[in-house]
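Quick notes on the structure that follows.
The values are calculated or read from the model by the stated rules, or taken from the named source; none is laboratory data. This one's a predicted model, so the numbers in the text were calculated from it and none came from an experiment. FYI the Cβ positions are ideal-geometry reconstructions off the backbone, even for glycines, and counts take in every protein chain you see.
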Amino acid sequence: MADEQFDLFGDPVRLPGGRRGRPAHRACQKNRNKVMLLLAMGWSNERIANAIHCSVPTLRKHYFSELKNRDIQRDRFDAWRFEKAIEQAAAGNVGAQRLLNQLVEKNDQQLATTRFRDAQEQGKGKAPRPLGKKEQARRDAGRVADGGGGDGWGDDLKPGLH
């Protein structure tokens, strides 16, 4: 392992061994962690495959379980960040305490935004109940009696005034 060469980004340099084509991809925990991190950042499968030096089908083959949980990776990453910030803040790191406060405020804003959006969607989802013929006639008569009909009857239709 000591004689192995690494490129600028810390990946081992694979020299051709006399065989044609790309060497077989070997999945390792470092690449699994990298895939989970890049999924948490919202990267596409193509970008992730390029980052770990493999094709998209190879990515799907070796990292299927990570890709299957694409939607939860961001939540897992945020939870990990909270955990690390709490550990450092408990140890007395003032910068970590500030970061923890920022993370909590950001989380509270996201929760409030989500609740507000959900409340708006619930309000939009309820279509007004269509009025029946009798109810519509009753409302029209009330509007005319209140002088809102614009037909010139005014107070003549209100009971008990004459």
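Of the candidates 40, 51, 27, the single residue that is over 21 Å from residue 80 (Cα atoms) and either under 18 Å from the mean Cα position of the chain (by Cα) or free of Cβ contacts under 8 Å to residues at least 24 places away in the same chain (or both) is 51.
Entry remark, region 33-89: residues being buried (at least 17 other Cβ atoms within 10 Å of the Cβ) and either at positive phi or acidic (Asp, Glu) (or both) number 1 in total.
Taken together, the criteria place residue 92 among residues that are modelled with pLDDT of 80 or more and exposed (fewer than 10 other Cβ atoms within 10 Å of the Cβ). I'd like to check something: does region 68-87 contain any residue that is free of Cβ contacts under 8 Å to residues at least 40 places away in the same chain, in a helix (DSSP H, G or I), touching a Gly at 6+ places or on another chain (Cβ under 8 Å) and closer than 27 Å to residue 9 by Cβ? Yes, region 68-87 contains at least one residue that is free of Cβ contacts under 8 Å to residues at least 40 places away in the same chain, in a helix (DSSP H, G or I), touching a Gly at 6+ places or on another chain (Cβ under 8 Å) and closer than 27 Å to residue 9 by Cβ.
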